[in-house]
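Since the structure comes first, as C-alpha cells, the remarks are kept for the end.
The values are calculated or read from the model by the stated rules, or taken from the named source; none is laboratory data. Keep in mind that this is a model prediction, so the values were computed, not measured. Methodologically, a virtual Cβ is constructed for each residue, glycine included, from the backbone with ideal geometry; neighbour enumeration extends over all protein chains shown.
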Amino acid sequence: MDPLVKELKKLLAGGGAHVGLKDAAAKIPFELLGERPHDLPYSIWQLVEHIRIAQWDMLEFSRDAQHKSPKWPEGYWPKEAAPSDEAHWNQTLLQYEADLESFVELIQTSDLYKPIPHGTGQTLLREALQIADHTAYHVAEIVVIRRLLGIWE
C-alpha cells in the first residue's frame, strides 16, 4: 500500500495525535446527546450530525459530478438539538462509518493528485485532508462537551 494512503487512512480514522469520532461518540447516555452546557451553541448530536453531513458532501463531491452540496450553513447543521430516538443516533454513526469506508476505498483506488474533473482544482488528497481536519476540529468540541457534562473518561 502507498505510504501516503496508509497515513491518510490512519488520519481519517482518528487516533495518533487525537481521538477519533468513533471513540468520542462512544458510551454517551442518550438523554445527554442534546445538552448544551454553559450555553454552548451546539450539542453533541448536532456536532456528530454536522460531521456526518460534511463528510458525506465531500465524499459525494469527490465521486459524483452531478452532486449538489447542501446550502451553507443551514444544510450542514441539524435544527433539532437531539436525535429523535436511539435508532436515529445509531443510524447517524453507522452512516458516518460507511461513508468513511467509501472515501477510504476511493483514495486507495484513485490518483490522489489528479484534479477532480468537475471541481475547481480540488484533488482527493485535498478532500482527504479536509475531511480529517474538519472531523478532528469538531471531535475536540465533542470531547470538551463531554468533559463539561462529566462523561469523559
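What to note about this one:
- Residue 87 vs. criteria within 23 Å of residue 125 (Cβ to Cβ), surrounded by fewer than 15 Cβ atoms within 10 Å (Cβ to Cβ) and modelled with pLDDT of 95 or more: no
- Scanning the stretch 1-50 for residues that are free of Cβ contacts under 8 Å to residues at least 60 places away in the same chain, surrounded by 18 or more Cβ atoms within 10 Å (Cβ to Cβ) and either of a type in the set (Lys, Arg) or in a loop (DSSP other than H, G, I, E, B) (or both) yields one hit, 33.
- Residue tally, condition farther than 18 Å from residue 120 by Cβ and either part of a loop (DSSP other than H, G, I, E, B) or charged (D, E, K, R) (or both), over the stretch 51-69: 1
- Conditions (1) loosely packed, with under 14 Cβ neighbours inside 10 Å; (2) within 13 Å of residue 25 (Cα to Cα); (3) of a type outside the set (Val, Ile, Thr); (4) in contact with a Gly (Cβ under 8 Å, 6 or more places away or on another chain): number failed by residue 147: (4)
- The combined condition, being among the small types (Gly, Ala, Ser), assigned to a helix (DSSP H, G or I) and out of contact with any helix residue (DSSP H, G or I) (no Cβ under 6 Å at 6 or more places or on another chain), is not fulfilled by residue 81.
- Test: residue in the stretch 105-112 that is within 14 Å of the chain's Cα centre (by Cα), surrounded by fewer than 19 Cβ atoms within 10 Å (Cβ to Cβ), in a helix (DSSP H, G or I) and not β-branched (Val, Ile, Thr): no
- Test: residue in the stretch 80-90 that is over 18 Å from residue 12 (Cα atoms), touching a strand residue (DSSP E or B) at 6+ places or on another chain (Cβ under 9 Å) and of a type outside the set (Phe, Trp, Tyr): no
- Any pair with Cβ under 9 angstrom, 6 or more apart, that starts in the stretch 102-122 at a residue that is under 23 Å from residue 1 (Cα atoms) and ends at one that is exposed (fewer than 11 other Cβ atoms within 10 Å of the Cβ) and of a type in the set (A, V, I, L, M, F, W, C): 108/1; 116/65
- Within the set 153, 101, the sole residue that is part of a helix (DSSP H, G or I) and either over 25 Å from residue 37 (Cβ atoms) or not hydrophobic (A, V, I, L, M, F, W, C) (or both) turns out to be 101.
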